[in-house]
Amino acid sequence: MPEAAKVLIIMGSDSDLSVMEEAKKALSELGVRSKMAIASAHRTPQKVVNLVKEAEKDGVQVIIAGAGYAAHLAGAVAAQTILPVIGVPLEGSSLSGLDSLLSTVQMPAGVPVATVAVGKAGAKNAGILAAEILAVADEDVAVALKEYRKRMAKIVEEKDRGLK
């Protein structure tokens, strides 16, 4: 039987997939299983509730939610669970993601959502942040993160040497 996913990645629309795949890639690189779903806070609110409840039963430990425009998905998820929720604001509207960023980061007291940058870099960071949360209790993930950081430093040093 395969290991259960530790992270659920939810996006509001299939148009968000190319961005949210960055979170999945980051998690995969760190050895963390994840699963993805499409559910809208506005168009399929009951599906959002059901996904969150199923995730809790299935042992998911962190949820990443990405949405554009009004971007209520992360907040709608956080309202249904005490699991850590990471919001990824997405571009899409004429405001280039500013609306999504403000909707995601401005949660009322008592229902927090960790919020990362807008777009692909934010989605990648959401995956890494989810792994960091898991690493508190999972030594394998902690080791993978330390190795990841070493690889990042090595790349920077190689680029610096290339300038000389």
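Just so it is clear, none of the values below were taken in a lab; they were calculated from the coordinates. None of these values were measured; they are calculated from a predicted model. Here Cβ is always computed from backbone atoms with ideal geometry, including for glycine, and neighbour counts include all displayed protein chains.
For the stretch 45-108, relative contact order (Cα pairs under 8 Å, six or more residues apart, normalised by length) works out to 32 percent. Rounding to the nearest 10 and keeping the result within 0 to 90°, find how far the Cα-based axis of helix 120-135 lies from the longest principal axis of the chain. Helix 120-135 sits roughly 80 degrees off the main axis of the chain. Taking other Cβ atoms within 10 Å as a rough exposure proxy, ASP140, ASP99, ASP14 sort from fewest to most as ASP14, ASP140, ASP99. Charges were assigned to the Cβ only: +1 to each Lys and Arg, -1 to each Asp and Glu. The resulting dipole of the stretch 105-164 about its Cα centre is roughly 420 debye.
Averaging Cα coordinates gives a centre for the stretch 33-62 and one for the stretch 120-164; these two points are 27 Å apart. Taking other residues whose beta carbon is less than 13 angstrom from the beta carbon of ASP58, and scoring Lys, Arg as +1 and Asp, Glu as -1, yields +2.
Looking at VAL136, GLY119, LEU163, which one has the Cα that reaches farthest to the positive end of the dipole of the chain (charges on Cβ: Lys, Arg +1; Asp, Glu -1)? Result: LEU163, furthest along the dipole toward the positive end.
For the chain, what is the relative contact order in percent, using Cα pairs closer than 8 Å and at least 6 residues apart in sequence? All intermediate terms of the calculation are to be shown ahead of the outcome.
On the way: 315 pairs, mean separation 38.0, N = 164.
Across the chain, relative contact order equals 23 percent.
Assuming charge only on the beta carbon of Lys and Arg (+1) and of Asp and Glu (-1), the dipole of the stretch 7-162 about its Cα centre is about 100 debye to the nearest 20. By the helix-only formula, in which each DSSP H run with n ≥ 4 contributes -39500 (n - 2.57) and the sum is divided by residues, the chain has a 222 nm mean residue ellipticity of -15500 deg cm²/dmol. By the beta-carbon count within 10 Å of each Cβ, the least crowded to most crowded order of TYR148, TYR69, fewest first, is TYR148, TYR69.
Pairs LYS6/LYS124; LYS120/LYS164; LYS35/LYS159: which are spaced more than 27 Å apart, C-alpha to C-alpha?
Numbers: LYS6/LYS124 16 Å; LYS120/LYS164 31 Å; LYS35/LYS159 34 Å.
Violating the 27 Å limit, Cα to Cα: LYS120/LYS164; LYS35/LYS159.
Put simply, the amide H of GLY87, placed in the peptide plane, has neighbours under 5 Å in ALA65, ALA114, THR115, VAL116, leaving out anything fewer than 5 places away on its chain. Rg and Dmax, both from the Cα atoms of the stretch 7-162 and both in Å, are 15.7, 54.
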